[in-house]
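Worksheet for the structure shown next.
We did not get these values from a lab; they are worked out from the coordinates using the rules stated. Nothing here was measured: the structure is a model prediction, and the numbers come from that model. So basically every Cβ, Gly included, is an ideal-geometry build from the backbone, and we count neighbours across all protein chains shown.
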Amino acid sequence: MADVFISYSRKDQDFVRDLYEALEARGRDTWIDWMKIPLTAKWLEEVFSGIERADAFAFIISPDSVISEYCTLELAHAVKHNKRLVPVWYRYVDNKAVSADLASHQYICFRKSEDFENALETCFVCQKVASEHHFKSALESLIDAIAHDPDWVHKHTDLETGAVKWNSKGQDSSFALRGKDLEEAEAWLERGGEKEPKPTDLQKRYIRASREIADAAKAERRRQRVTLGAVAFGLIVAATLGLLAFWQWLEASNQKNINLGRQLASEARLVSNQGDNLLQTSVLLAVQAKQRLPSSGEADASSLEADQVLRGGLSLLRRPVASLDHGGGVNGVVFSPDGKYLVTASADKTARVWDAASGEEVARMDHDDAVNGVAFSPDGEYLATGSKDKTARVWDAVSGEEVVRVVHEDSVNGVTFSPDGRYLATTSNDTTARIWDAYSGDEVARMQHEDVVDGIAFSPGGEYLATTSNDVTPSSQDRTIRIWKTTSGKEVASITHEDSVNSVAFSPDGKYLATASRDRMAHVWDLTSGEEVGRYPHGLAVLRVAFSPDGRHLASSSRDKTARVWEIASGEEVARITHEADVNGVAFSPDGKYLATTSDDKTARVQLWQPEGLIDEACLYLTRNLTKKEWQEYVGGEPYHKTCANLPGPEE
């Protein structure tokens, strides 16, 4: 969220750049589009989003801006969302040419012939403003206008952002306000008649709909409480007839089932090692084990063992994507935005594009040395690679043709596109991270570090860039995650680590930052407080981290030859994937169902990672259930039932 969005004509860009730097120096977060690109739907969507997420809308009045198609569209969108309008008079315009929406507000005047830092509001349209503000500098007046009644304006921006998202998602109830947020929004709306900017119609509908959803949920909870009360009464009656004995029996039965699950997990492992002729038996036993074992708690180790047997079995039965083989270690992996393709970076001097459904190679990009990192543009049309040959390159994802090349002074370790696709960010052994224009290859900003720079990630909104520096020399003290302002390349925050940091990732909502470290941990940090909120252990150095699309899980890869998936809130390991060497890369598919991993064992792999998904997948590719003889041998005296409901039983 920005303090102010500035709308301006390109002919006033020098003045606007000075104004931007002055506002930034005074701690004001400013949204400005510097790009000279065609007016497209994608560009316009990003600009409109910037307006919606800004507290105020400043319009630089000049002969060019009042007739600009760009500026007119931006002003109309700001008016539509009831943004606080701040007209800034820069070059003379007949007042009749100024939009009525702007003319109804007091102007703040910056005379073009004066030093704007000390410019007094002396032009004829600003005489009244000048006297009222006692000739305060125009800059101070602008800051006052932006910062007036900040609590009200911040809430207006927050609610408009939430309302727009709710509306764009088809008014899905999961995006509605709840609890304290809803109460605060209703109180805010009650004060709407006396405040500026006024609440929008969309905000009003959003708050009313949220109340209706909350009331309906409250009524449902009351109904459930009545039902549960009746059940509770029945249980109380049952207690008089021997409830204690019933619960003792139930607990013993549950524990017996868990013990059997542990036993079946071990049996599944043993059978899996006895040859392919027992493949289906081992997978069926693993499914039986997982159906009996809880996904967390003291039985977790056995559940993970059964999980690994299932994964191994599925790799032999049939997997959605086969193992993707390279001629050298595979350093990085990324899914295309639509999930149809997978791209890998390898020490064999290639980056390769694979069909995610079939595992077939569809394109190959050759380099002069090992490829260290890959990234898709947000629209999926372009692919970026970073190589040990000191270059980062942008390729047409369909044709495989190189379209842009930029050069560092040493190996390029990481590449990533900004969320809007306008910029390419790179990291290098030359101790710099750099931001480039993704279309022209021009360098936009450079961030200097003390040592080799490895990890890099844009925040979800693109306002910030996080980098990690790899401590490779005994004297280096560069063990920090640094966060930079994208537009200026200025460092705005840092987090100190106990050991060198290999990679970094923002959560989808931008509230958290995950890091992979040589201290054998993946870490999660709260970006508001800077506090560490979770640690997720491996046996050796952690190399890469990635958030699931819903932000609930974290994947980490390590030199301990595993990739692991963690439930962030509880810190519990919920899945583990094993390679034969260091696991260098990890990525979730866009739908969150699959996990891609890359390794020094020269393979990339794609697997279902959720336990319930594994069971469904196994039952899809198995051809039978356990025989009665197998049931008797491994399960024992428990009555026979199908392991997979979709498959025939022994007598069918």
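Per residue, the average separation of C-alpha pairs within less than 8 Å and at least 6 apart gives the stretch 43-84 a relative contact order of 55 percent. Loop-located GluC sites (Glu not before Pro) across the stretch 390-462 with a Cβ neighbour count of 12 or fewer within 10 Å are GLU401, GLU409, with loop assigned by DSSP. Electrostatic bookkeeping for PHE376 treats Lys and Arg as +1 and Asp and Glu as -1; over the other residues with beta carbon under 13 Å from its beta carbon, the sum is -3. Normalised by the number of residues in the chain, the average gap of Cα pairs under 8 Å and 6 or more apart makes the relative contact order 7 percent. Add +1 for every Lys or Arg and -1 for every Asp or Glu among the other residues with Cβ under 12 Å from the Cβ of GLU267, and state the total. After counting each charged neighbour, the total is -1.
Among the listed pairs LYS169/LYS198; LYS349/LYS390; LYS155/LYS180, those with a Cα-Cα distance over 21 Å are LYS169/LYS198.
What is the sum of charges around VAL406, taking Lys and Arg as +1, Asp and Glu as -1, for the other residues whose C-beta is under 11 Å from the C-beta of VAL406?
Net charge in that neighbourhood comes out at +1.
My understanding is that a pair violates if its Cα-Cα distance is over 25 Å; which of LYS195/LYS511; LYS290/LYS629; LYS256/LYS628; LYS11/LYS195 do that in this structure? Among LYS195/LYS511; LYS290/LYS629; LYS256/LYS628; LYS11/LYS195, the Cα-Cα distance tops 25 Å for LYS195/LYS511; LYS11/LYS195. Considering helices alone, the calculated mean residue ellipticity of the chain at 222 nm is -10000 deg cm²/dmol, with DSSP H runs of length four and up weighted by -39500 (n - 2.57) and normalised per residue. Size estimate for the stretch 584-635 follows the Kirkwood approach: the inverse of mean 1/r over distinct Cα pairs works out to 13.5 Å. Taking all Cα pairs closer than 8 Å and separated by 6 or more residues, the relative contact order of the stretch 498-610 comes to 17 percent.
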